[in-house]
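Engineer: Submitted below is the structure of interest, expressed as structure tokens.
The values are calculated or read from the model by the stated rules, or taken from the named source; none is laboratory data. What you are looking at is a predicted structure, and each value in this text was computed from that prediction instead of being measured. Quick reminder, even Gly has a Cβ in these numbers, built from the backbone with ideal geometry, and neighbours come from all protein chains shown. Quick note on the areas: whole protein, heavy atoms, side chains included, nothing else; ligands and nucleic acids left out. Shrake-Rupley method; radii C 1.70, N 1.55, O 1.52, S 1.80 Å.
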Amino acid sequence: MGIMSWVAVAQRYRRAMILVSLLTTSAGVALVLNQPERTFLAWLGIPFIVGGAAMLVGIVWPTTAGLSEAPPSLASHLIRRATMNGRLVRLFPMIGVMILAGDVVYNIKLSASPAIQTEDIFAILAACVFIAYGFVPSRFSKERDFVLTFVVALNAILVVPLLLARAWEVNFERSVDFYSWIALAPQTSAVLGLLGVANTIHSVTGATAPGLTFTPQHMRVQVTIVITTACSGIYSFGIFAAAFVAFVLTEFKRPGLRVWLLLGLGMVTAYVANVLRMVIIVLVGYYTDTAATDLQNMLIAHSYAGWLIFLGWIALFWAMLFRFLPITSATLEASPPAALSEQSRSRCDICAGPLTPTVAAIRCICSSMHHETCLSRAQQCPICGRAATLDRPPRQIDT
């Protein structure tokens with residue numbers, strides 16, 4: 001018996017299941033607020049809250065929610081496969097509520113700081129997208145899939161690794177600045193060394209992030225900067241990477257080698273730009289700061305140079321992307337049928353020959369016109385990429 005069958009059974013006993021879900025959620029809240037000491041019941045609060053809230057949403061949610069038609073792309077294909085051809089979309093609100101409840105309980109029970117942090121914002125954004133997914137009109141299905149792909153990729157890049165690292169350390173009370181230790185501080189130190197700036201990477205008392213120590217040219221004292229996760233640039237990198245992944249998945253039906261190479265290049269150059277940002281910040285302090293400035297120049301560079309470098313690089317990369325990426329059927333699908341000129345409507349979009357009443361023709365649902373013989377040879381519409389079927393009425397190209 002599958003999960004959807006259990007959901008259907010539960011919805012037949014709607015009132016009873018609502019009562020069960022309310023009791024389960026209340027029990028979870030009580031266990032979290034009044035934690036029993038030295039008993040396994042203390043750990044039941046989290047699954048009770050998440051499961052009870054998800055059950056409540058799943059029971060009252062309409063059973064007719066499904067996956068509306070989306071332009072053919074790799075993202076729509078993956079979403080359909082992940083949701084069993086749309087049958088699991090009705091569970092998206094439950095997933096959203098589970099994410100929200102899980103984030104709240106994590107902050108209360110495990111996080112060193114119960115305040116809403118950057119990772120919490122990413123998780124809340126994903127929860128809202130899952131909850132609102134089924135309300136998006138079908139004409140915005142491509143934009144809907146882009147947003148879903150973006151938030152999933154964003155949390156996969158920035159939130160999940162952090163949780164795994166904290167679980168690996170078996171200490172949720174400390175911040176694990178693994179990105180700074182592994183992928184930023186050593187590389188920044190190496191580049192600075194190549195540029196003639198002597199420096200060392202070391203631990204800092206009272207902090208989990210690495211420290212980089214150097215001596216500015218116009219100062220006689222050493223300066224140590226702590227490269228924390230918040231100021232490491234990982235968030236800008238993650239946002240770019242998630243947006244780029246979502247763009248490729250929603251714009252291309254069958255990405256070729258060139259597209260994948262560009263995706264890899266984008267990730268690498270985003271990382272290099274992040275290291276360059278840290279190098280420039282240190283160089284500003286090394287060459288310009290004095291005892292009188294008291295590192296103010298480096299602080300200004302930290303506040304403004306980073307995002308200016310990132311925005312400049314983003315503008316350059318996306319301009320090159322749109323200039324050199326090939327146009328595919330999924331990209332052409334985004335153009336509205338009204339954009340087709342009258343001249344294109346009077347000619348076959350395959351052979352460019354004239355359309356006349358004496359030659360059998362067929363109209364695709366994207367409003368392009370083809371000779372039946374041309375479409376039979378081509379097997380698919382060259383404009384939107386839909387497969388051609390000519391053997392049953394009404395004569396059109398199926399989705």
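Engineer: So between Thr213 and Ala305, what do we pick up on full extension, going 0.36 nm a residue minus the alpha carbon distance?
Structural biologist: Working: separation 92, 0.36 × 92 = 33.12 nm, distance 2.03 nm.
Full-extension gain reported as 31.1 nm.
Engineer: OK, next. At Lys109 and Ala190, where each label point lies 7 Å from the Cα along Cα→Cβ, what is the point-to-point distance in nanometres?
Structural biologist: Going from the Lys109 label point to the Ala190 one covers 4.1 nm.
Engineer: Continuing with the same structure: Within segment 212-319, what whole-number % of the accessible surface is contributed by carbon and sulfur, with the 1.4 Å probe and all protein chains included in the calculation?
Structural biologist: 71
Engineer: Could you work out how far apart the two model spin labels at Tyr13 and Thr293 are, taking each label as a point 7 Å from the Cα in the direction of the beta carbon, and quote it in nm?
Structural biologist: Spacing of the two 7 Å Cα→Cβ label points: 7.3 nm.
Engineer: Rank-order 197-209, 153-165 by packing density, defined as the average count of other C-beta atoms within 10 Å over each peptide's residues, highest first.
Structural biologist: Put in order of decreasing packing, that is 153-165, 197-209.
Engineer: Name the residues of segment 190-211 whose amide N is less than 17 Å from a point 7 angstrom out from the Cα of Val226 along the C-beta direction?
Structural biologist: 201-211, by backbone N distance to the label point.
Engineer: Using 7 Å Cα-to-Cβ label points, what is the Ile182/Val136 separation (nm, one decimal)?
Structural biologist: 3.1
Engineer: Given R₀ = 45 Å, what would the calculated FRET efficiency be for Ala315 paired with Ala360, taking r from the Cβ atoms and rounding to 0.05?
Structural biologist: With R0 = 45 Å, the Cβ-Cβ based efficiency is 0.35.
Engineer: State the extension gain, in nm to one decimal, for the chain segment bounded by His77 and Thr118, taking 0.36 nm per residue of separation less the distance between their alpha-carbons. Show your work: numbers first, answer last.
Structural biologist: Values: separation 41, 0.36 × 41 = 14.76 nm, distance 3.06 nm.
Once the chain is fully extended between His77 and Thr118, it gains 11.7 nm.
Engineer: A further question follows. Equivalent-ellipsoid semi-axes (√(5λ), Cα gyration tensor) for segment 196-278, whole Å, largest first?
Structural biologist: Output for segment 196-278: semi-axes of 38, 14, 9 Å.
Engineer: May I ask for log10 I(q)/I(0) of segment 140-286 at q = 0.17, 0.20 Å⁻¹, from a Debye sum over the Cα atoms as equal point scatterers with solvent left out?
Structural biologist: -1.00, -1.18
Engineer: How long is the gain from Cys128 to Ala352 if the chain were fully straight, where each residue apart is worth 0.36 nm and the alpha carbon distance is subtracted? Provide the component values of the computation, followed by the final result.
Structural biologist: Working: separation 224, 0.36 × 224 = 80.64 nm, distance 4.69 nm.
My answer for the length gained is 76.0 nm.
Engineer: Over segment 115-167, with every protein chain in place, what whole percent of the accessible area is carbon and sulfur at 1.4 Å, could you tell me? Please list the in-between numbers first.
Structural biologist: Working: 1920 of 2530 Å².
Carbon with sulfur: 76 percent of the solvent-accessible area.
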